[in-house]
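Take a look at the structure below.
The values are calculated or read from the model by the stated rules, or taken from the named source; none is laboratory data. Given the structure is predicted, the values throughout are model-derived calculations rather than measurements. Here the Cβ positions follow ideal geometry from the backbone for every residue, glycine too, while neighbour counts run over all protein chains shown. Side chains are part of the model used for accessible areas, which takes the heavy atoms of the whole protein and leaves out ligands, DNA and RNA. Shrake-Rupley method; radii C 1.70, N 1.55, O 1.52, S 1.80 Å.
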Amino acid sequence: MQIAVVADVHLHDLYGGYGWIEEGSGDIALRTFEDTMASTRVFNESHAAFFAVLDDIVRRGIRDVVLLGDYSDDGQPGAVAALKRILSSYEERHGLRFFATFGNHDCFGPATRHQAKWLTKGDGLDPLLVTSNDDAPAPAVFEIGMLGMSTEDAVEAMATYGINGLDDVFHWETPFGGSNQLAKRHAPGGDLAGFDFSYLVEPQDGLWLLILDANVFHRDNGAWQVRSNAAWDHVLAQRPYMLDWIADVAERARRMGKTLLAFSHYPAIPLAMTGKGSKRKAACTPDWSERMPSLESGRLLAEAGLCWHFSGHMHVTGQIEHEGLVNIAVPSPVAYPGGYAVVTCDNENVECEFVRLKSVPGFDTAFAAYKTQVRRADMGPAFHEALAADDYSDFLHAHQKGVITSRHLRKDWPPGIVESLDMPVRQLIDAVPYLAGQLKHWPDIGEFQLVQMLEDYYFIRSGGEETMRALPEDRISFYRHLGNAVQTSGRMDLPIENLAVLLTALL
């Protein structure tokens with residue numbers, strides 16, 4: 001049995017333009033190069049990348065595809081319509097079946113949400129702020145097609161992709177029974193914010209896919225917000241029936257000899273950890289720490305019987321285990337390293353292959369516009385490196401490098417370490433008495449600038465084992481050695497000590 005898992009497509013409405021351009025006019029609606037390089041994902045390349053993913057799935061002879069949420073740019077009708085046209089084409093021409101859940105970019109609870117994006121046409125000139133808010137001051141352009149969907153709107157739009165069941169499957173159910181009626185998709189007495197569009201489906205004889213809706217909404221200053229940080233903590237706190245249903249599904253799967261795989265948009269356990277037993281804890285930068293669930297949530301899900309859980313949201317590749325629960329982080333097609341996952345299972349044996357996108361026809365559709373924007377503004381080396389990319393893989397690598405420099409380093413680290421980016425690693429390590437001399441077996445690495453060590457951390461965090469294999473073995477062995485020395489000391493006072501431990505948690 002084999003399926004494909006695709007996370008975080010973030011499809012941008014390239015050809016419909018959210019109503020800003022006339023569909024079929026031959027023009028395109030582009031996000032600016034500046035916005036692209038400032039984001040953790042690329043925008044204009046999403047169409048080409050998604051087609052490349054689906055073509056590879058077809059080439060492999062896989063029929064069933066799980067979409068792990070954030071399938072749209074920001075839940076706008078045009079972006080979702082563009083996605084559905086693509087899905088329908090692959091359904092009709094190749095017989096693919098899609099099973100979707102929602103992410104934090106697809107729907108916004110009981111109410112819609114205004115969105116605004118800077119867009120240009122194919123010439124790359126004169127960007128305009130296109131917004132769904134008709135109160136926005138000029139020169140913003142009002143287009144209702146930029147409005148992000150409510151959850152009810154999203155359910156109606158995506159109902160045929162597993163959410164309301166399919167005719168040609170062996171089994172389908174929800175936590176509340178076998179009805180797909182909207183009024184029955186929440187616990188008795190629940191309110192509009194408590195809708196739960198989780199479902200269990202058996203698309204292949206013996207294979208159960210538990211698709212879990214982990215979007216929990218709450219009011220904040222009068223507006224609905226999704227609890228995307230530590231999402232599974234909120235799911236288990238606000239949906240007490242969930243663990244009972246999961247336990248029942250897991251027990252039935254065991255008794256009936258079904259292979260059970262679970263999916264949601266958000267990680268079920270922290271994606272990097274250090275320590276063992278009672279001393280185990282998340283090992284993440286501050287931004288990641290806020291976004292990861294507690295270890296207790298993972299323990300409860302494992303106790304309920306989950307063994308395999310696939311997540312998106314973080315745009316990274318990797319696998320981690322806690323208390324018997326394995327969480328597999330599925331990469332996004334629109335962020336480094338760029339790809340998706342193929343899962344092969346036979347009874348209790350589950351294998352996951354991360355497929356990396358390298359050659360993506362049409363990924364450079366926006367490059368002419370990008371070059372125009374670079375010529376008209378003083379953009380840094382990351383922009384020029386991205387434009388020099390020979391293939392999609394190189395483009396995402398350059399994009400990631402730019403994001404590390406412009407966003408991650410300044411967001412995750414204190415000013416002292418940011419000001420020391422060009423300092424040799426040897427100088428930083430020798431300034432810590434118990435670390436002095438740790439470089440004797442790796443003299444060349446001592447001459448590296450700190451920025452190289454930080455870049456390695458972020459690239460490994462995103463790319464997982466494939467990225468590690470691409471780095472020199474001596475560099476990896478040094479990182480392990482340094483991290484072990486810090487952990488043995490029990491000290492975590494300095495940024496270099498924190499960085500060493502974070503690196504070790506990934507290796």
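Long-range amide H contacts for Val326: which residues qualify at under 5 Å (H placed 1.01 Å from N, peptide plane, sequence gap of 5 or more or a different chain)?
Under 5 Å from the amide H of Val326: Trp308, His309.
When the distances between all Cα atoms of the range 1-106 are binned every 10 Å from zero, what whole-number percent does each bin get?
So the P(r) values, bin by bin, are 15, 46, 31, 8, 0.
Give me D for the range 332-487 in µm² s⁻¹, whole number, from Stokes-Einstein with Rh from the Kirkwood sum over alpha-carbon pairs, 10 °C and 1.306 mPa s.
Here the translational diffusion coefficient equals 88 µm²/s.
Return the subset of Lys184/Lys279; Lys184/Lys411; Lys117/Lys281; Lys184/Lys281; Lys84/Lys121; Lys184/Lys276 for which the Cα-Cα distance in this structure is over 31 Å, preserving the input order.
Violating the 31 Å limit, Cα to Cα: Lys184/Lys279; Lys184/Lys411; Lys117/Lys281; Lys184/Lys281; Lys184/Lys276.
Report the calculated FRET efficiency for Asp444 and Ala223 (r = Cβ-Cβ distance, R0 = 45 Å), to the nearest 0.05.
FRET efficiency, Asp444 to Ala223: 0.25.
Let me check I've understood the local charge: for Lys281, count other residues with C-beta under 14 angstrom from its C-beta, Lys and Arg +1, Asp and Glu -1. What total comes out?
+2
Quick one: Karplus J couplings for the range 355-363, per residue in order, coefficients 6.51, -1.76, 1.60, θ = phi - 60°, nearest Hz, x for Gly and Pro?
Karplus values, whole Hz, x for Gly and Pro: 9, 9, 7, 10, 9, 10, x, x, 5.
Hey, how many Å between the Cα centroid of the range 161-178 and the Cα centroid of the range 449-486?
44 Å
Extent of the range 413-506 along each principal axis, from alpha carbon coordinates, in Å, largest to smallest?
Computed over the Cα atoms, the extents are 34, 28, 25 Å.
Please calculate the 1.4 Å probe accessible area of Trp118, with all protein chains present, and give it to the nearest 10 Å².
Near enough 120 Å² of accessible area.
Taking loop as defined by DSSP and a crowding limit of 16 other beta carbons within 10 Å, which trypsin sites (Lys or Arg not before Pro) in the range 433-507 fit?
Lys440, Arg491
Rounded, prolate or oblate for the range 140-246? Axes are the square roots of the Cα gyration tensor eigenvalues, ordered a ≥ b ≥ c, and the cut-off for rounded is a/c under 1.5.
Judged from the Cα gyration tensor, the range 140-246 comes out oblate (a/c at least 1.5, b/c at or above a/b).
Taking H placed 1.01 Å from N in the peptide plane, check which residues at least 5 places from Gly339 or on another chain put their amide H under 5 Å from its amide H.
Counting only residues 5 or more places away or on other chains, the set is Ser332, Val334, Leu357.
Pull up all non-local amide H partners of Val350: gap of 5 or more, or a different chain, and H-to-H distance under 5 Å with H placed in the peptide plane.
none
Rounded to the nearest 5, what % of DSSP beta bridges with both residues in the chain are antiparallel?
Rounded to the nearest five, the antiparallel share is 65 percent.
Quick one: give the max-minus-min coordinate of the C-alpha atoms of the range 109-149 along each principal axis, largest first, in Å.
38, 20, 11
What stretch of the chain, leaving out the sites themselves, is the longest with no GluC sites (Glu not before Pro) in a DSSP loop having at most 12 other Cβ atoms within 10 Å?
Within the chain, the longest run free of exposed GluC sites (Glu not before Pro) spans 23-347.
As a check on your grasp of the helix formula, calculate [θ] at 222 nm for the chain: sum -39500 (n - 2.57) over DSSP H runs of n ≥ 4, divide by the residue count, round to the nearest 500.
Calculated mean residue ellipticity at 222 nm is -10500 deg cm²/dmol.
Which residue, Met423, Gln487, Ala436, has the largest displacement toward the positive end of the dipole of the range 413-506 when charges sit on each Cβ (Lys, Arg +1; Asp, Glu -1)?
Result: Gln487.
When the scattering of the range 446-501 is computed by the Debye formula from its Cα atoms alone, each counted once and equally, what is log10 I(q)/I(0) at q = 0.13, 0.19, 0.21 Å⁻¹?
-0.33, -0.70, -0.84
At 1.4 Å probe size, with no ligands or nucleic acids counted, give the accessible surface of His114 in Å², nearest ten.
Roll a 1.4 Å probe over it and His114 shows about 100 Å².
Determine the gain in length on full extension of the stretch Glu296-Glu473; use 0.36 nm per residue of separation and subtract their C-alpha separation, reporting nm with one decimal.
60.2 nm
What does the charge dipole of the range 2-356 about its Cα centre add up to, to the nearest 20 debye, if the Cβ of each Lys and Arg holds +1 and the Cβ of each Asp and Glu holds -1?
Roughly 980 debye for the range 2-356.
Convert each backbone phi in the range 112-118 into a coupling constant with the Karplus relation 6.51 cos²θ - 1.76 cosθ + 1.60 (shift: θ = phi - 60°), then list the ³J(HN,Hα) values in order as whole Hz, x for Gly and Pro.
Using θ = phi - 60°, the values come out as 6, 9, 5, 10, 9, 9, 7 Hz.
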